[in-house]
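A.B. asks: Starting off with a structure, shown below.
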């Protein structure tokens, strides 16, 4: 396929409602500028980005899906530190159960920020929560904003370095947080009329393709309906593997860049590092699946 003749889509985008640097309106405008055919805003543990985009109006030039990325606890058969990420698409934004679940997750994220700052201070790194808030603006404060401040102060040279040395799981300034059970997160997405999808499986730690296959089968039994096949950090071999897993388990395929704007400037919406293409037909299949 000559990709230059076919506009792609991006179904994994973050805004200032969580830890991105573009407002929802700026995301829509940027998508139109890049001539993307469809997008989804999938902010961490909040529907605010999708809601703001809809309230501002979506031009006819781009199709739009409401979305969210939920930080869940790993399922029982999978053991890894940190969160197990689930994407939800075509969600009713006013669903009470999903919103209560997300509010609890937002509170957990907010409550651990002071503890992270305390740990950094104890390590001799002079950073205050007020400084981070000032830099983050109206965004939902989280580790990426703390990492930004660390870069600004010259503590580290990049956001990745901040996570690798201080903020990532098992690092000296890491603070764990509450996570909703994987099964409950999937149920909440389904209950809001949404489509639950396993996010960026290439970032998971697994010992073999068989182990990943068993994990995908396990979360499908919980209600997962799709898998994020196309992602900037997926190798060609991984993408092929995830396509096969989607076929074998009769799952929808999705894809996106995990765009955060200035947080990760090397990632562009729609194309990732320049070599990503997510076909429009995947958006169409999501819509058909809803009917």
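A.B. asks: For segment 72-145, what is the convex hull volume of its Cα atoms per residue in Å³?
C.D. replies: On the way: hull volume 9.7 nm³, N = 74.
Roughly 131 Å³ of hull volume per residue.
A.B. asks: Determine the gain in length on full extension of the stretch residue 134-residue 203; use 0.36 nm per residue of separation and subtract their C-alpha separation, reporting nm with one decimal. Walk me through the numbers on the way to the answer.
C.D. replies: Values: separation 69, 0.36 × 69 = 24.84 nm, distance 3.11 nm.
Contour length minus the Cα-Cα distance gives 21.7 nm.
A.B. asks: Just to be sure I understand the curve: with the Debye formula and one point per C-alpha of segment 58-190, what is log10 I(q)/I(0) at q = 0.18 Å⁻¹?
C.D. replies: -1.05
A.B. asks: Which percent of Cα-Cα pairs in segment 104-167 sits in each 5 Å bin, short to long?
C.D. replies: Whole-percent P(r) values from 0 Å outward: 3, 19, 31, 28, 13, 4, 0.
A.B. asks: While we're on this one: Mind checking Rg over Rh on segment 151-220, alpha carbons, Kirkwood formula for Rh?
C.D. replies: Working: Rg = 16.8 Å, Rh = 15.3 Å.
Radius of gyration relative to Kirkwood radius: 1.10.
A.B. asks: If each of residue 176 and residue 247 carries a label point 7 Å out from its Cα toward its Cβ, how far apart are those two points in nm?
C.D. replies: The two pseudo-label positions are separated by 4.0 nm.
A.B. asks: When every alpha-carbon pair in segment 1-91 is counted, what percent end up more than 15 Å apart? Intermediate results must be reported in sequence, preceding the final value.
C.D. replies: Values: 2448 of 4095 pairs.
In whole percent, the long-distance tail amounts to 60.
A.B. asks: Give me D for the chain in µm² s⁻¹, whole number, from Stokes-Einstein with Rh from the Kirkwood sum over alpha-carbon pairs, 4 °C and 1.567 mPa s. All intermediate terms of the calculation are to be shown ahead of the outcome.
C.D. replies: Details: Rh = 19.3 Å.
Roughly 67 µm²/s, to the nearest whole number.
A.B. asks: I want to check the label-to-label distance for residue 237 and residue 77. Put each point 7 Å from Cα in the C-beta direction and report it in nm to one decimal.
C.D. replies: Output for this residue pair reads 2.4 nm.
Since every read-out is calculated from the coordinates, none of them should be taken as a lab result. Just so it is clear, the structure is predicted and the values come from calculations on it, not from any experiment. Neighbour counts run over all protein chains shown; Cβ positions are idealised from the backbone, glycine included.
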